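The values are calculated or read from the model by the stated rules, or taken from the named source; none is laboratory data. Source: prediction; values computed, not measured. We place every Cβ from the backbone using ideal geometry, glycine too, and count neighbours over all the protein chains shown. These accessible areas exclude ligands, DNA and RNA; they are computed on the full protein's heavy atoms, side chains included. Shrake-Rupley method; radii C 1.70, N 1.55, O 1.52, S 1.80 Å.
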Amino acid sequence: MFLFKNFKITYLLLLLTFASCSLGKAPELKANGYVITAEEDGPSEKWAEYLYRHLQKRSKDPKSIILIKGAPKPGPEGYKNIHFEVASDLKNEYCIEHNSERLHIRSRRASTAIWLIYQLIESISAEDNRFSTTDLPPATIAFNDGCHDFDFDYREPHFAENLETDRSPVYGNNNVETDWGLWGHQLFKIAEDFANPETYALVNNQRNANQLCFSSDQLFEGTRNYIVDNYGKGEKDVYRFMIMPADNNLVCTCPLCAELGNTDKTATPAVTDFIRKLAETFPKHQFYTTAYRTTQNAPEYQFSENSGIFFSTINLKKGVTLTEEQKETKKFLEDIKKWRLTSMNMYLWDYGANFDDYLSPIPLLNGLQKQLSFYKKNNIKGVFLNGSGYDYMAFDDVKTYVASALMKDCTIDIEFLVKRFFKKSYPVSGTILANYYINLENSYDAKNKPYNMYGSMQSNLKTYLDAAQFVEFYTQLKNVIPKTKGEEKLKLEKLFTALSYTRLQIAHTLGYNPYGFAKKEGNELKIKSEINDWIASLKNYSAYSDMSSYKETDGSIASYLQEWEKLKTANLKNLLLDDAVAVISEKDEGFEKTTILNDGVPGFETDYHHGWYLNSSKNFRISFSTAQLKGAKTVKLRFLNNEAHGIIPPQKVLFIGNGKTIKTLSVGNNSQKTVQISTDISFGQYESIEISFENKGGAKSIIALDEVQVLN
């Protein structure tokens with residue numbers, strides 16, 4: 001027993017030692033001073049001088065940093081020589097030779113050189129308190145001997161912090177703002193300047209401004225001129241250009257596009273021909289398109305070397321290990337194989353957010369690590385991780401930091417980096433933040449369930465967000481903010497503002513359950529006083545330019561707060577609160593439970609995720625017992641009207657008592673965001689009431705029903 005006990009202690013100590021040295025044990029960087037030298041060539045000398053200037057700027061003792069040009073010379077005793085070299089013929093991305101007196105850094109390209117410089121400056125400051133790097137994230141590498149390559153050539157976590165042009169080089173990432181001449185759907189902005197209808201798609205024999213015609217000579221000439229005027233021919237600086245259709249299913253079938261091979265389902269032939277012509281015109285620039293929607297199918301010819309593809313992972317499960325047994329993954333690999341016959345420049349347009357809720361915490365990193373490993377195994381060269389972009393996202397700073405490291409080495413220890421980041425960036429509150437975020441990641445990881453990229457709070461609570469743990473964290477955060485100061489306090493106040501949206505969403509979703517916004521008294525809900533505090537906290541969003549929305553599109557926080565003000569004055573009485581409303585037709589995924597139909601919580605008209613029961617069956621029907629409704633006489637129904645999302649009120653509503661139709665109401669056309677109907681029924685005459693909704697939309701239309709409200 002004694003031996004076994006000592007073995008466990010020794011094993012634990014080894015684990016702790018490993019965790020504390022996850023970045024590797026390197027020779028000491030701290031020295032009396034630093035002598036900066038370089039190989040005698042322009043690029044090496046340029047970046048050595050850059051290191052010298054930035055070390056001096058951050059030093060309390062600038063004289064202890066010496067730059068020696070020309071042939072390297074020894075510095076004063078006790079100084080460390082840092083020798084810099086940029087060599088495009090280096091076989092690896094970077095190499096390090098390090099002993100007690102000399103650190104030799106070799107880099108293959110300038111972008112890696114600048115990243116290494118900031119890694120080194122931060123690493124020196126961690127050992128030498130004469131240097132200040134409070135604005136830099138912690139280093140993710142150790143300066144020990146060895147040569148290294150990155151797992152991915154193109155790396156971009158698309159979060160607000162990485163979009164800052166002075167931050168992405170520090171993280172060693174690509175940035176759509178600096179690397180691309182055209183990105184996303186910016187080609188449409190060029191087309192707008194032409195004012196020529198022939199640049200737009202011919203759909204059903206009519207020009208449609210919602211899609212482009214990629215066989216159009218005017219579109220090609222305008223794009224060519226735009227590139228020359230703004231980015232040159234690539235002789236000085238090389239840029240990438242994204243050429244992609246609009247994010248819809250419209251395809252141009254004009255005679256020229258049809259001749260190239262377009263059908264009403266695929267735009268690949270015309271789009272890839274457009275890219276072919278641009279690539280031939282500008283052989284030094286690079287041109288890409290996406291494999292997504294109307295360009296999902298691969299073309300039948302090979303791309304040139306300066307062309308490539310960003311393949312969308314929209315259909316893959318998110319946040320879990322990918323395996324070839326999954327039908328989505330199997331299809332993905334089959335499609336990748338086809339596209340590889342076209343181009344070896346294969347990159348992924350990946351996703352790392354709940355695009356219907358940027359402000360609530362979502363565990364990203366453990367799942368990302370698993371999926372990056374899978375991508376690397378399948379020879380993917382780069383990853384664009386589509387996050388919240390220019391909008392604020394809870395914990396986007398730590399996600400940018402760790403995702404940046406994972407894209408260089410997807411085996412790195414996530415928990416170690418998370419703790420390291422919070423300890424430096426949040427000196428007072430770091431432990432609270434790290435504990436919550438790590439627990440969020442690990443508890444979700446243990447469930448092994450994919451998350452919904454367009455998920456409601458109801459879905460979030462089922463999948464990864466624990467209401468009790470969040471509320472405890474939210475309270476801890478509120479209490480620790482007054483103990484902080486400076487930059488830490490400003491960042492925490494912003495985070496708390498964002499998380500107040502989460503708190504309100506949990507409250508709205510849970511109704512009169514624990515952590516909800518109300519208490520139930522008989523057949524009526526009474527609003528808790530705390531709701532005003534959460535609303536007041538969220539109102540601080542207006543202080544932040546990147547926090548006007550809580551989601552990708554149509555997510556105005558101002559409108560959301562107005563919904564809460566309306567809720568505070570709403571009639572929250574319903575005689576059905578203690579009964580059950582059954583859906584007797586087919587249920588949609590995620591709406592297996594029907595309590596939302598009589599939980600007393602009004603739906604918010606600004607968002608179909610907020611309190612609405614969705615059903616897409618052709619014959620949507622519900623029923624409820626009238627046993628407790630003998631004195632009731634009125635039933636009210638409210639429907640959401642959001643045609644852009646295929647949500648359309650029913651054409652007719654049939655009320656059926658004891659198997660016979662007792663009333664039929666026409667809903668009629670209405671341009672308002674919601675449609676409400678009300679009727680009186682003698683509930684005492686029937687044992688149960690069934691309500692049938694006649695769908696007036698197409699095959700894919702959805703009915704969004706709010707409360708089934710029964711009143712005296």
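For S545, state whether it is farther than 26 Å from V710 by Cα, part of a helix (DSSP H, G or I) and open to solvent by 10 Å² or more (accessible area, probe 1.4 Å). Taking the combined requirement at face value, the residue does not satisfy it.
Residues that are farther than 24 Å from D607 by Cβ and not hydroxyl-bearing (S, T, Y): which strands (runs of 3 or more DSSP E) entirely in segment 633-687 hold 2 or more of them? Please lay out each step first, then the result.
On the way: elements: 634-640, 652-657, 660-666, 674-680.
By residue number, 652-657, 660-666.
Within segment 399-437, the set of residues being closer than 22 Å to N92 by Cα, among the hydroxyl-bearing types (S, T, Y) and open to solvent by 40 Å² or more (accessible area, probe 1.4 Å) comprises just one member, T411.
Which residue, of G308, G367, is closer than 25 Å to G232 by Cα, surrounded by 22 or more Cβ atoms within 10 Å (Cβ to Cβ) and either modelled with pLDDT of 95 or more or under 26 Å from the mean Cα position of the chain (by Cα) (or both)?
On the way: G367 fails: closer than 25 Å to G232 by Cα.
Going through G308, G367 in turn, just one is closer than 25 Å to G232 by Cα, surrounded by 22 or more Cβ atoms within 10 Å (Cβ to Cβ) and either modelled with pLDDT of 95 or more or under 26 Å from the mean Cα position of the chain (by Cα) (or both): G308.
Checking E221, E235 one by one, the residue that is in a helix (DSSP H, G or I) and charged (D, E, K, R) is E221 and no other. Close contacts from segment 545-557, counting a first residue that is under 16 Å from T497 (Cβ atoms) and a second that is among the acidic types (D, E) and surrounded by fewer than 17 Cβ atoms within 10 Å (Cβ to Cβ), with Cβ to Cβ under 7 Å and a gap of 6+ residues or different chains, come to none at all. When residues in segment 188-220 are screened for being closer than 19 Å to F241 by Cβ and either touching a Ser or Thr at 6+ places or on another chain (Cβ under 7 Å) or among the aromatic types (F, W, Y) (or both), 12 of them pass.
Can you find a residue that is of a type in the set (S, T, N, Q) and under 24 Å from K673 (Cα atoms) anywhere in segment 480-491?
The answer is no; no qualifying residue exists.
Just one of (1) surrounded by fewer than 21 Cβ atoms within 10 Å (Cβ to Cβ); (2) hydroxyl-bearing (S, T, Y); (3) assigned to a helix (DSSP H, G or I) fails for Y444. It is (1).
Only one of the listed residues (T502, T475) is under 18 Å from Y436 (Cβ atoms), of a type in the set (S, T, N, Q), part of a helix (DSSP H, G or I) and touching a helix residue (DSSP H, G or I) at 6+ places or on another chain (Cβ under 9 Å). That residue is T502. For segment 334-372, the set of residues classified as of a type in the set (D, E) and either touching a helix residue (DSSP H, G or I) at 6+ places or on another chain (Cβ under 8 Å) or touching a residue at least 12 places away in the same chain (Cβ under 8 Å) (or both) consists of D335, D350, D356, D357, listed by residue number.
Within segment 393-402, is even one residue among the small types (G, A, S), farther than 22 Å from A298 by Cα and touching a Leu at 6+ places or on another chain (Cβ under 6 Å)?
Step one: filter segment 393-402 for residues among the small types (G, A, S), giving 394.
Okay, now just the ones that are also farther than 22 Å from A298 by Cα, so 394.
Subsequent filtering for residues that are touching a Leu at 6+ places or on another chain (Cβ under 6 Å) retains 394.
The answer is yes; a qualifying residue exists.
Within segment 505-526, being assigned to a loop (DSSP other than H, G, I, E, B) and either touching a helix residue (DSSP H, G or I) at 6+ places or on another chain (Cβ under 8 Å) or farther than 21 Å from T569 by Cβ (or both) holds for N513, P514, Y515, G516, F517.
So, Y454, is that one among the aromatic types (F, W, Y) and in a helix (DSSP H, G or I) or not? No: the conditions fail for Y454. The set of residues in segment 693-712 that are within 39 Å of the chain's Cα centre (by Cα) and under 17 Å from I622 (Cβ atoms) comprises F693, E694, N695, I702, I703, A704, L705, D706, E707, V708, Q709. Number of residues in segment 56-90 that are open to solvent by less than 70 Å² (accessible area, probe 1.4 Å) and among the basic types (K, R) equals 2.
Could you please give the count of residues in segment 237-255 that are without any contact (Cβ under 8 Å) to a residue 60 or more places away in the chain and either open to solvent by less than 60 Å² (accessible area, probe 1.4 Å) or of a type outside the set (A, V, I, L, M) (or both)?
Narrowing segment 237-255 to residues without any contact (Cβ under 8 Å) to a residue 60 or more places away in the chain: 237-238, 245, 248-255.
Of the ones still in play, those that are also either open to solvent by less than 60 Å² (accessible area, probe 1.4 Å) or of a type outside the set (A, V, I, L, M) (or both) are 237, 245, 248-255.
Looking only at that region, the number is 10.
Suppose the filter is open to solvent by less than 10 Å² (accessible area, probe 1.4 Å) and either at pLDDT below 95 or under 17 Å from L577 (Cβ atoms) (or both); does G522 pass it? For G522, the condition - open to solvent by less than 10 Å² (accessible area, probe 1.4 Å) and either at pLDDT below 95 or under 17 Å from L577 (Cβ atoms) (or both) - is not met. Checking each residue in segment 455-476 for being surrounded by fewer than 18 Cβ atoms within 10 Å (Cβ to Cβ) and either modelled with pLDDT under 95 or over 29 Å from Q326 (Cα atoms) (or both) picks out K462, A468, Q469, V471, E472, T475, Q476.
Could you run through segment 477-493 and say how many residues are among the polar types (S, T, N, Q), in contact (Cβ under 8 Å) with a residue 12 or more places away in the chain and open to solvent by 60 Å² or more (accessible area, probe 1.4 Å)?
Residues of segment 477-493 among the polar types (S, T, N, Q): 479, 484.
Keeping just the survivors that are in contact (Cβ under 8 Å) with a residue 12 or more places away in the chain gives 484.
When the remaining residues are screened for being open to solvent by 60 Å² or more (accessible area, probe 1.4 Å), the result is none.
So the count comes out to 0.
For segment 313-334, give me each residue that is assigned to a helix (DSSP H, G or I), open to solvent by 100 Å² or more (accessible area, probe 1.4 Å) and either more than 18 Å from K449 (Cβ to Cβ) or in contact with a Lys or Arg (Cβ under 8 Å, 6 or more places away or on another chain) (or both). Across segment 313-334, the qualifying residues are K330, K331.
Out of R130, R155, R102, R106, I need the residue that is touching a Lys or Arg at 6+ places or on another chain (Cβ under 9 Å), charged (D, E, K, R) and buried (at least 21 other Cβ atoms within 10 Å of the Cβ). Which one? I'd like the intermediate steps shown before the answer.
On the way: R130 fails: buried (at least 21 other Cβ atoms within 10 Å of the Cβ); R102 fails: buried (at least 21 other Cβ atoms within 10 Å of the Cβ); R106 fails: touching a Lys or Arg at 6+ places or on another chain (Cβ under 9 Å).
That would be R155, the only listed residue that is touching a Lys or Arg at 6+ places or on another chain (Cβ under 9 Å), charged (D, E, K, R) and buried (at least 21 other Cβ atoms within 10 Å of the Cβ).
So that you can scan it fast, the table gives a plain yes or no per residue for (1) open to solvent by less than 70 Å² (accessible area, probe 1.4 Å); (2) touching a His at 6+ places or on another chain (Cβ under 9 Å); (3) closer than 28 Å to L504 by Cα:
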position	(1), (2), (3)
Y608	yes, yes, yes
G611	yes, yes, yes
F620	yes, no, no
K633	no, no, no
N641	yes, no, yes
G646	yes, no, yes
S666	no, no, no
K673	no, no, yes
I681	yes, no, no
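What number of residues within segment 77-98 satisfy the criterion of being modelled with pLDDT of 95 or more, of a type outside the set (S, T, Y) and over 12 Å from W47 (Cβ atoms)? The number of residues fulfilling the criteria is 11. In segment 220-236, the condition of being charged (D, E, K, R), open to solvent by 20 Å² or more (accessible area, probe 1.4 Å) and within 26 Å of T313 (Cβ to Cβ) is met by no residue. For segment 263-296, a tally of residues being open to solvent by 10 Å² or more (accessible area, probe 1.4 Å) and either of a type in the set (D, E, K, R) or part of a helix (DSSP H, G or I) (or both) returns 10.
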